[in-house]
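To start, the structure under review is shown below, and the notes come after it.
The values are calculated or read from the model by the stated rules, or taken from the named source; none is laboratory data. Just so you know, these numbers come straight off a predicted model, no measurement behind them. So basically every Cβ, Gly included, is an ideal-geometry build from the backbone, and we count neighbours across all protein chains shown.
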Amino acid sequence: MRDSAERFFNRELSWLDFDRRVLELARDAGRPILERAKFLAIFSRNLDEFFQVRVSELQDLVAERDDAPAPDGLTPAAQLAAIRERVLELTAAAHETFERELRPALRGAGIDLVHWHELSDDERAGTLAPFDEQISPVLIPLGVDPTHPFPFVSGLSLSVGAFVQAKSGGPRRLARVKVPGFLPRWWEVGPGRYTPVEELIRAHFGLLFPEDEVAGASFFRVTRDADLELDEERGTADLFKAVEASLYRRRRASDAVRLEVARGLDPRIRDLLLRELRLERDELYESPGLLDLGALFELTERGPSEHRDAPWTPAEVFRGGRGGGDRASDAVFRTLRERDVLVHHPYESFDSSVGAFLTAAAEDPAVRVIMTTLYRAGGSESSIVQALQGAAARGKQIVVLVELKARFDEAHNLERARALERAGAHVVYGVLGLKTHTKLAFAVREENTVLRRYCHVATGNYNPVTATLYEDLGLLTSREDITRDVAELFQRLTSGSGARSYEKLLVAPEGLRAGMLERIARQARPGGRIAMKLNGLSDPAIIDALYAASGSGAEIELVVRGICCLRPGVAGLSERIRVRSVLGRYLEHSRIFRFGEPGQGRGEVWIGSADLMQRNLDLRVEALVLVEDPALVARIDALLAVYLDPESRLFALAPDGSWKATGSVDVQDRLRALTPAPGSATA
């Protein structure tokens, strides 16, 4: 067998390659300028998350003297060194894109972003009154001296730092002012002209310290570890309090992993920050321009609509949508008694499909039980949460499995759990030692004295907001074999009992890995075919199985949005494997697994929540469902055909790890054209 470096790309560097592809969208002059600005903001926020989650973990391994190599052979220390080199390259390219391409294009669109030194004297003078009336009152100047210790610097907050010294003399001390997140990052100084608010604060910094001389004022930003540290051995009963406590610790005392500073920051301030934050020199990143390009998100809301993507109205699935009372409820359940329904977001409306199903279940007096998982469902105002609360208040049996450990949504999920419990729902906080990532909803309805089950198995979250931004698939059905499996899985999750057996589901961590390996092995022959669409592929055993299948003659097509550790197109290893990546207006989020030749009535098609990464296969509760309705299988095959068409615009992965843009036809425009006519589910 070839050594690790020949078989696997490094997971962390592959993640950064994904962010490079996002940056390429920001550089695409064929896109509306506000969409390009949005992609540059996404690039920046992605990089923040990468440091919060991935870099922090590697730093912990180095601190623990753990030299165990990754599957590609790199030790944690070697990975950190490679990451730094790649990040410096990417951030330099991002700032060059902003200054040389986006700023001029934004100016042409009537959005002139200017630095303080580019303002006229009159414009500068005109900022004094708004600073005094609207900005200064919400700023908190903090000094560091023997009676004022170094302040806590919250993660991802922007700060202005300077040395101040009494005009009458005395010791020099550090002063820090946090830029409140609720202030506009781009302060309008004239019609269509904006300057970064931190530059305005720096210009008037002396007004906050009127008795001091100010020197070396500039900007810095700290990134902190975002993972919660939980002792789950305390048991599920204490998990709620444990998450609350861990959130507090994360807000107040989590470890710093990166310090970003603007060019021009006094080196003495820089060194003081490194010392106080306990960071090393190689964890310092000097920005060649604006700190936090994620601030460009703000412009996408302010700018003229003609410089954004044209609006798209999703097709309605169940006629009557979420309204219409008994009529809408009857339409949903009547349709699902007759046939399965496949929904494709955002091309088809979440509210008129999944929302309609859960609302119908919540309002229909014949529905006795509703069960669902919530991973990222939005805030307490979410229509799904409100429907479940209303159903509980009407006396239905409501069971909601809330994953408290959903990264960056922990606080929201705590709020949702409290609200649901107050309404009378049974709230379950996941499975000990596992993260519940599966997307399931289930209802039991009494029909002519017989109880009938309905369910939804999906690739995406029960979140009406992200359903307009993420591409996802879901299966709605009343089939006895599938709904029985879903009922079994919910009983497993609520009871905490052992593994169950399933007929139409592949469930992690019990059987999904083995099920995938078995199906890959079946195709390991001349004429074998495998097509997968997923977000991440990094599990070594799965990758080796795909190599073996390729070596035995199978043709393998992979569409991977993000991390891909498989090395395609290598003679004697993976010459029959092709890897593509699609990025665009919507975040590609669905997972599809097809085994066998399309269009021959053979093979299998599965959809669900799992990627092929160790965390999904071994450390999470995940579920894939077998799609068997010939019409729905044909529809999924048509979607896959778009992703695999050589004319489609996408990125192709080469054996050396580089990604090349190919094709000319927008994938998501083609997918939109495949959307069934509005109301077709109930036609």
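I'm checking my understanding of the structure. Among residues of the range 414-469 that are among the polar types (S, T, N, Q) and touching a strand residue (DSSP E or B) at 6+ places or on another chain (Cβ under 6 Å), which one is modelled with the highest pLDDT?
This residue is 459.
In the set (1) surrounded by fewer than 18 Cβ atoms within 10 Å (Cβ to Cβ); (2) more than 25 Å from residue 301 (Cα to Cα); (3) in contact with a Lys or Arg (Cβ under 9 Å, 6 or more places away or on another chain), the condition left unmet by residue 28 is number (2). If residue 124 satisfies every condition in (1) exposed (fewer than 14 other Cβ atoms within 10 Å of the Cβ); (2) within 30 Å of residue 207 (Cα to Cα); (3) not aliphatic (A, V, I, L, M) but one, which is the exception? Status for residue 124: all satisfied but (1).
Is the range 317-330 home to any residue that is modelled with pLDDT of 90 or more, assigned to a strand (DSSP E or B) and either in the same structural domain as residue 633 (by TED's automatic domain parsing) or crowded, with 19+ Cβ neighbours inside 10 Å (or both)? Spell out the reasoning first.
Initially, the range 317-330 is screened for residues modelled with pLDDT of 90 or more, giving 317-318.
Now restrict to residues that are assigned to a strand (DSSP E or B): none.
Scanning the range 317-330, I find no residue that is modelled with pLDDT of 90 or more, assigned to a strand (DSSP E or B) and either in the same structural domain as residue 633 (by TED's automatic domain parsing) or crowded, with 19+ Cβ neighbours inside 10 Å (or both), so the answer is no.
I'd like the full set of residues that are over 24 Å from the mean Cα position of the chain (by Cα) and part of a loop (DSSP other than H, G, I, E, B), limited to the range 498-519.
Residues of the range 498-519 over 24 Å from the mean Cα position of the chain (by Cα): 498-505, 510-511, 514-519.
Scanning the range 498-519 gives 498, 499, 500, 501, 502, 503, 504, 510, 511.
Taking the criterion of being hydroxyl-bearing (Ser, Thr, Tyr), out of contact with any Pro (no Cβ under 7 Å at 6 or more places or on another chain) and within 30 Å of residue 674 (Cα to Cα), would at least one residue in the range 426-437 satisfy it? Lay out the reasoning, then the answer.
Pass one, the range 426-437, residues hydroxyl-bearing (Ser, Thr, Tyr): 429, 436.
Restricting the remaining residues to those that are out of contact with any Pro (no Cβ under 7 Å at 6 or more places or on another chain) gives 429, 436.
Narrowing further to those that are within 30 Å of residue 674 (Cα to Cα): none.
No.
Give the residue, chosen from 495, 550, that is in the same structural domain as residue 443 (by TED's automatic domain parsing), among the hydroxyl-bearing types (Ser, Thr, Tyr) and crowded, with 22+ Cβ neighbours inside 10 Å. Explain how you work it out, then say what you get.
Numbers: 495 fails: crowded, with 22+ Cβ neighbours inside 10 Å.
Among 495, 550, only 550 is in the same structural domain as residue 443 (by TED's automatic domain parsing), among the hydroxyl-bearing types (Ser, Thr, Tyr) and crowded, with 22+ Cβ neighbours inside 10 Å.
The single condition from (1) under 23 Å from residue 623 (Cβ atoms); (2) surrounded by 23 or more Cβ atoms within 10 Å (Cβ to Cβ); (3) at pLDDT 80 or above that residue 352 fails is (1). As for the range 624-632, it holds at least one residue that is touching a Leu at 6+ places or on another chain (Cβ under 6 Å) and within 28 Å of residue 17 (Cβ to Cβ). Against the conditions (1) surrounded by fewer than 21 Cβ atoms within 10 Å (Cβ to Cβ); (2) free of Cβ contacts under 8 Å to residues at least 40 places away in the same chain, residue 544 satisfies every one except (2).
Here is a check on your reading of the model: is residue 37 surrounded by 23 or more Cβ atoms within 10 Å (Cβ to Cβ) and aliphatic (A, V, I, L, M)? Judged against the criteria, residue 37 is a match.
Residues that are in contact (Cβ under 8 Å) with a residue 12 or more places away in the chain, more than 25 Å from the chain's Cα centre (by Cα) and surrounded by fewer than 22 Cβ atoms within 10 Å (Cβ to Cβ) occur in the range 554-564; there is at least one. Taken as a whole, the range 269-290 holds at least one residue that is modelled with pLDDT under 95, in contact with a helix residue (DSSP H, G or I) (Cβ under 6 Å, 6 or more places away or on another chain) and within 18 Å of residue 179 (Cβ to Cβ). Restricting attention to the range 133-170, the residues that are buried (at least 17 other Cβ atoms within 10 Å of the Cβ), among the small types (Gly, Ala, Ser) and touching a helix residue (DSSP H, G or I) at 6+ places or on another chain (Cβ under 7 Å) add up to 2. Look at the range 432-449 and say how many of its residues are closer than 17 Å to residue 506 by Cβ and aliphatic (A, V, I, L, M). Total meeting the criteria: 2. Can you confirm whether residue 87 is in contact with a helix residue (DSSP H, G or I) (Cβ under 9 Å, 6 or more places away or on another chain), closer than 22 Å to residue 23 by Cα and touching a residue at least 60 places away in the same chain (Cβ under 8 Å)? In short, yes. Among the residues of the range 58-80, count how many are surrounded by fewer than 15 Cβ atoms within 10 Å (Cβ to Cβ) and touching a residue at least 60 places away in the same chain (Cβ under 8 Å). Count: 2.
The condition of being modelled with pLDDT of 95 or more and within 24 Å of residue 647 (Cα to Cα) holds for residue 557.
Yes or no: residue 531 surrounded by fewer than 22 Cβ atoms within 10 Å (Cβ to Cβ), touching a helix residue (DSSP H, G or I) at 6+ places or on another chain (Cβ under 8 Å) and not in a loop (DSSP other than H, G, I, E, B)?
On the way: surrounded by fewer than 22 Cβ atoms within 10 Å (Cβ to Cβ): no; touching a helix residue (DSSP H, G or I) at 6+ places or on another chain (Cβ under 8 Å): yes; not in a loop (DSSP other than H, G, I, E, B): yes.
No; evaluated as a whole, the condition is false for this residue.
Could you tell me whether residue 585 is at pLDDT 95 or above, surrounded by fewer than 24 Cβ atoms within 10 Å (Cβ to Cβ) and in a strand (DSSP E or B)? If you could, list the steps in order and put the result at the bottom.
Values: at pLDDT 95 or above: yes; surrounded by fewer than 24 Cβ atoms within 10 Å (Cβ to Cβ): yes; in a strand (DSSP E or B): no.
No.
Candidates 474, 433: the one that is of a type in the set (Gly, Ala, Ser), surrounded by fewer than 22 Cβ atoms within 10 Å (Cβ to Cβ), assigned by TED's automatic domain parsing to the domain that holds residue 373 and within 25 Å of the chain's Cα centre (by Cα) is 433. Can you confirm whether the range 599-608 contains a residue that is farther than 22 Å from residue 511 by Cβ, surrounded by fewer than 19 Cβ atoms within 10 Å (Cβ to Cβ) and among the charged types (D, E, K, R)? Yes: the range 599-608 contains one or more residues that are farther than 22 Å from residue 511 by Cβ, surrounded by fewer than 19 Cβ atoms within 10 Å (Cβ to Cβ) and among the charged types (D, E, K, R). Of 126, 110, 161, 170, all but one fail to be under 22 Å from residue 27 (Cα atoms) and more than 30 Å from the chain's Cα centre (by Cα); the exception is 110. Residues in the range 594-642 that are among the charged types (D, E, K, R), in a strand (DSSP E or B) and more than 19 Å from the chain's Cα centre (by Cα): 594, 604.
Reported count of residues in the range 646-672, each being assigned to a strand (DSSP E or B) and surrounded by 17 or more Cβ atoms within 10 Å (Cβ to Cβ), is 6. Screening residue 643 on (1) hydroxyl-bearing (Ser, Thr, Tyr); (2) surrounded by fewer than 16 Cβ atoms within 10 Å (Cβ to Cβ); (3) touching a residue at least 60 places away in the same chain (Cβ under 8 Å) shows it passes everything except condition (2).
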